[in-house]
There are 2 protein chains.
Amino acid sequence: MTVQKRRTQDQRSAETRKLLLAATIQSLMEVGYANTSTAGIARRAGVSRGAQTHHYPGKMDLIVAATEEMFAIFSDGLEALAAELRAGRLDYDGFFEAVWDNVLKGDWFYSSLEIIVAARGDEELRRHLAPLILELHEKFEATWSRSFVATAPGLVSARVAMNLVMNVFRGMAVQAVLRRDERYFREMLQALKTVIAVHVRPVEPGK
Amino acid sequence: MTVQKRRTQDQRSAETRKLLLAATIQSLMEVGYANTSTAGIARRAGVSRGAQTHHYPGKMDLIVAATEEMFAIFSDGLEALAAELRAGRLDYDGFFEAVWDNVLKGDWFYSSLEIIVAARGDEELRRHLAPLILELHEKFEATWSRSFVATAPGLVSARVAMNLVMNVFRGMAVQAVLRRDERYFREMLQALKTVIAVHVRPVEPGK
DNA sequence: TGTTAAAAACCGACCGAACTGTTTGTTAAT
DNA sequence: ATTAACAAACAGTTCGGTCGGTTTTTAACA
C-alpha cells in the first residue's frame with residue numbers, strides 16, 4: 001500500500017507535464033520522429049493516455065511544447081559555457097570541445113534535428129516552430145557576441161563566424177549518424193578551431 | 001486505342017524501377033520520410049502497388065535502392081562541377097556557388113537527409129546505408145583532392161577542408177528548413193569561401 | 001516458322017497492426 | 001458540489017505486407 005501524497009492541482013499538472021515532455025524528448029532521441037507515438041510517450045512517462053490527452057490534446061501540442069523545452073535547455077547550456085569562457089575558467093579550445101560534446105552527447109540536439117526535419121514536410125508544424133527557432137538564434141547570437149570579438153569584422157563578423165561554427169556542428173552531427181568515427185571528428189574539430197581562430201577571439205577575461 | 005509498344009522484360013523492369021525510384025526521391029523531398037508510404041510512391045510513379053511490391057518487396061528495399069540512386073546523382077554532379085573547375089571554365093567562387101545551389105535546389109539533398117535521420121532510429125536501415133555513405137565520401141574525397149591543393153597541409157589538409165565545407169552546407173540546409181532567408185545564406189556562403197580560401201586553392205588549370 | 005508452356009511483370013483486394021483523436025467514466029483537489 | 005486530473009475503451013484511418021489472379025514476354029519444340 002503506497003502512501004498517497006496530497007498535491008495541489010498545480011503540482012499534479014506540472015509534474016505530469018514534466019514527465020511527458022521529458023519522455024517526448026527521450027523518445028525522439030532514442031527512436032526518432034517516425035517511431036514516436038503519443039501512446040509510446042505516455043508509456044515512457046508512466047502516465048495514462050488519458051492524462052496525456054488532457055494536458056496535450058494533439059500530438060502537435062506535445063511536440064511544440066517539447067521543442068520549447070529543448071531550446072531552453074540548449075541556450076541555457078551554451079550561455080553557461082560562454083560564461084565560463086568569459087570568466088577565464090575555460091579557454092578557446094576548451095569552449096569548442098565542450099560545445100561539441102554537448103551537441104553529440106546531449107539528448108536535445110538529435111531530438112531537435114528530428115523535429116526540424118519532420119517540420120519540412122508539415123506546414124503546420126513549421127509555422128509553430130519557426131518563431132521558436134528565431135528566438136533561439138537570437139539568444140545564440142547575443143551569447144556569442146558577448147563572448148567573442150571579430151579580428152576583421154568587415155571580412156567575417158563574429159555573428160557570421162558563430163553561424164559557421166554551429167552549421168559545422170550540425171553537419172558533423174548528421175554525419176555522425178552513419179559514420180561513427182571518433183578520430184575523424186577530433187580532426188574536424190581541430191580544423192574548425194584553427195579556421196575560425198583566424199577571424200575571431202574570446203573577449204578579454206574580466207573586461 | 002493506344003498502340004501497345006512491345007518491350008522486352010528487361011526494358012519493362014528497368015522502366016518501372018526507374019519510375020519507382022524517382023517517385024521515392026520526389027516523395028521524400030516533398031513530404032518527408034514520415035509522410036512517405038509505399039502506396040503513395042506507387043501512386044506518384046503511376047505504377048500499381050502490385051508492380052511495386054514485385055520489384056521492391058519491402059519498404060526498405062525501395063529506400064535503399066533510392067538512396068543508391070541519389071548518391072550516384074550527387075557524386076556525379078559534384079565531379080562534373082569539379083571537372084569544370086579543373087578545366088578553368090569555373091573559378092573558385094563560381095564552384096562554391098554552384099555546389100551550394102545544387103544542395104539547396106536539387107531533390108537529392110533533402111531526400112538523403114530524410115533517410116539519414118530516419119536511419120538513426122532504425123538499426124537495420126542504418127546497416128544498409130552505412131556502406132553507401134562510406135563509398136560516397138570516398139568519391140567526394142577523390143574528386144576534391146584532384147581539384148584542390150592545401151596551402152598548409154600540415155595544419156588543415158585538403159580532405160579536412162572539404163569535409164568542413166560539406167558540413168557547413170549540411171548545416172545550412174537544415175537551418176534553411178525553418179529560416180528561409182536568402183540574404184543570410186549569401187552572407188554565410190561568402191564567409192565560408194573566405195575562411196576556406198586561406199587553407200586551400202584550386203589546382204592550376206591544365207596542369 | 002508457328003505453337004505453346006513457363007516465367008516474369010503486373011494488378012488489386014484483403015488483413016492485421018498501429019496510431020491519433022474522441023468519448024465516457026472515475027478519482028482527487030478546491 | 002464543482003472542477004480539474006486521470007483512466008481506459010472505442011472509432012476511424014492509414015500503412016506495410018501478403019496473396020490469388022491476369023497479362024505480357026520468353027523460349028522450347030514440333
Count of residues meeting criterion [buried (at least 16 other Cβ atoms within 10 Å of the Cβ) and in a loop (DSSP other than H, G, I, E, B)] in the stretch A:55-67 | 1
Inspect the stretch B:98-120 for any residue being basic (Lys, Arg), surrounded by fewer than 16 Cβ atoms within 10 Å (Cβ to Cβ) and within 17 Å of A:Gly32 (Cβ to Cβ) and give the result as yes or no.
-> no
Residues of the stretch B:154-181 that turn out to be touching a strand residue (DSSP E or B) at 6+ places or on another chain (Cβ under 6 Å) and either facing chain A (nearest Cβ under 10 Å) or not hydrophobic (A, V, I, L, M, F, W, C) (or both), as a count = 2
Please state which of the following conditions A:Ala98 fails to meet, knowing it meets all the rest: (1) assigned by TED's automatic domain parsing to the domain that holds A:Thr143; (2) farther than 30 Å from B:Tyr110 by Cα; (3) of a type in the set (Gly, Ala, Ser).
-> (2)
Picked from the stretch A:38-54 (must be in contact (Cβ under 8 Å) with a residue 24 or more places away in the chain and crowded, with 16+ Cβ neighbours inside 10 Å), the residue farthest from the other protein chains (Cβ to nearest Cβ) is A:Ala51
Mind listing whichever residues of the stretch B:20-37 are crowded, with 19+ Cβ neighbours inside 10 Å and part of a helix (DSSP H, G or I)?
-> B:Leu20, B:Leu21, B:Ala23, B:Thr24, B:Ile25, B:Ser27, B:Leu28, B:Met29
Scan the stretch B:55-71 residue by residue and report those that are within 7 Å of DNA strand D (Cβ to nearest atom), within 14 Å of chain A (Cβ to nearest Cβ) and not charged (D, E, K, R).
-> B:Met60
Taking B:Arg12 and the conditions (1) modelled with pLDDT of 95 or more; (2) surrounded by fewer than 19 Cβ atoms within 10 Å (Cβ to Cβ), which numbered condition does it fall short on, given that it satisfies the others?
-> (1)
When you look at B:Leu125, is it assigned by TED's automatic domain parsing to the domain that holds B:Met188 and under 20 Å from B:Asn35 (Cα atoms), yes or no?
-> yes
From the set of residues in the stretch A:182-198 that are in contact (Cβ under 8 Å) with a residue 40 or more places away in the chain and within 7 Å of chain B (Cβ to nearest Cβ), which is nearest to B:Leu132 (Cα to Cα)?
-> A:Leu192
Kindly list the number of the only condition in (1) within 13 Å of DNA strand C (Cβ to nearest atom); (2) closer than 22 Å to B:Gly121 by Cβ; (3) modelled with pLDDT of 95 or more that fails for B:Ala65.
-> (1)
So is A:Leu155 at pLDDT 95 or above and not small (Gly, Ala, Ser) or not?
-> no
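So that you can scan it fast, the table gives a plain yes or no per residue for (1) in a helix (DSSP H, G or I); (2) within 14 Å of chain A (Cβ to nearest Cβ); (3) over 30 Å from A:Met29 (Cα atoms):
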site: B:Ile73; (1), (2), (3): yes, no, yes
site: B:Leu81; (1), (2), (3): yes, no, yes
site: B:Ala98; (1), (2), (3): yes, no, yes
site: B:Tyr110; (1), (2), (3): yes, yes, no
site: B:Ile116; (1), (2), (3): yes, yes, no
site: B:Arg127; (1), (2), (3): yes, yes, no
site: B:Leu132; (1), (2), (3): yes, yes, no
site: B:Phe140; (1), (2), (3): yes, yes, no
site: B:Ala152; (1), (2), (3): no, yes, yes
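The values are calculated or read from the model by the stated rules, or taken from the named source; none is laboratory data. What you see is a predicted model, and the numbers here were worked out from it, not measured in a lab. Don't worry about glycine lacking a Cβ; one is built from the backbone with ideal geometry, like all the others, and counts go over all protein chains shown.
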